[in-house]
Amino acid sequence: MTESTASYELAQVNIAHLKAPLDSPELKDFVEALDPVNAVADAADGFVWRLQNDSGNATDLRVFGDDWLMVNMSTWRDTDALTAFMYQGLHRELMARRRDFFERLEEAVTALWWVPAGHRPTVPEAESRLLRLREHGPTQQAFTLRTSFPPGAAEGS
């Protein structure tokens, strides 16, 4: 890992619009998979931190003042580490079934950005990054896995 990369961590946020309440039969498979998926993430190479409350997940946190919008946020060593986790095992299986649990949203639901190592992003910060991505497309301040930027590119932002 280069010194530049070690000075930064990749923050990611993704949001999802629930199709039903978390305690409904429709979301049973999703809710039952949360702890196992989080355990895999916590042990993944390159994982740094994830947003959670006292229960060990973030299912009671919402974004944009919408009771139906869940938020997931974490920090990773780099885009390769995040990608490796996202597209394997149980997380991959859940992603394949996301339309069973969540409404399709037309606007961007995932944003990435570099943070100084040790920084823990807040929900308002994540909302700001998502809005930036929606308004301006991928930039150094908010980007996607398909269009990413190197660490340190957003200095002074």
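The values are calculated or read from the model by the stated rules, or taken from the named source; none is laboratory data. Fair warning: this is a prediction, and the values are worked out from it, not measured in the lab. Positions of Cβ are generated from backbone atoms using ideal geometry, with glycine treated the same way; all protein chains shown enter the neighbour counts. What goes into the accessible areas is simple: the full protein's heavy atoms, side chains included, and nothing from ligands, DNA or RNA. Shrake-Rupley method; radii C 1.70, N 1.55, O 1.52, S 1.80 Å.
Scanning segment 83-132 for residues that are in a helix (DSSP H, G or I), under 17 Å from Leu10 (Cα atoms) and aliphatic (A, V, I, L, M) yields Ala84, Met86, Val123, Ala126, Leu130.
With respect to (1) open to solvent by 30 Å² or more (accessible area, probe 1.4 Å); (2) closer than 23 Å to Phe30 by Cβ; (3) touching a Phe, Trp or Tyr at 6+ places or on another chain (Cβ under 8 Å); (4) among the hydrophobic types (A, V, I, L, M, F, W, C), the lone exception for Leu82 is condition (1). Counting only residues that are in contact with a helix residue (DSSP H, G or I) (Cβ under 9 Å, 6 or more places away or on another chain) and either hydrophobic (A, V, I, L, M, F, W, C) or free of Cβ contacts under 8 Å to residues at least 24 places away in the same chain (or both), segment 59-77 holds 7 of them.
Only residues that are closer than 18 Å to Ala43 by Cβ, assigned to a strand (DSSP E or B) and open to solvent by 30 Å² or more (accessible area, probe 1.4 Å) were counted in segment 53-79, giving 1. Of the residues in segment 38-51, at least one is surrounded by fewer than 18 Cβ atoms within 10 Å (Cβ to Cβ), in a loop (DSSP other than H, G, I, E, B) and not hydroxyl-bearing (Ser, Thr, Tyr).
Okay, residues lined up against (1) touching a Leu at 6+ places or on another chain (Cβ under 6 Å); (2) open to solvent by 40 Å² or more (accessible area, probe 1.4 Å); (3) modelled with pLDDT under 95:
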site	(1), (2), (3)
Ala117	no, yes, no
Arg120	no, yes, no
Pro124	no, yes, no
Ser128	no, yes, no
Leu131	no, yes, no
Arg134	no, yes, no
Gly137	no, no, no
Phe143	yes, no, no
Arg146	no, yes, yes
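Hey, can you tell me all the residues within segment 94-113 that are touching a residue at least 24 places away in the same chain (Cβ under 8 Å) and within 13 Å of the chain's Cα centre (by Cα)?
Ala108, Val109, Thr110, Ala111, Leu112, Trp113
Looking at segment 18-36, is at least one residue closer than 22 Å to Glu125 by Cα and either in contact with a Ser or Thr (Cβ under 8 Å, 6 or more places away or on another chain) or part of a strand (DSSP E or B) (or both)? Taking every residue of segment 18-36 in turn, at least one turns out to be closer than 22 Å to Glu125 by Cα and either in contact with a Ser or Thr (Cβ under 8 Å, 6 or more places away or on another chain) or part of a strand (DSSP E or B) (or both).
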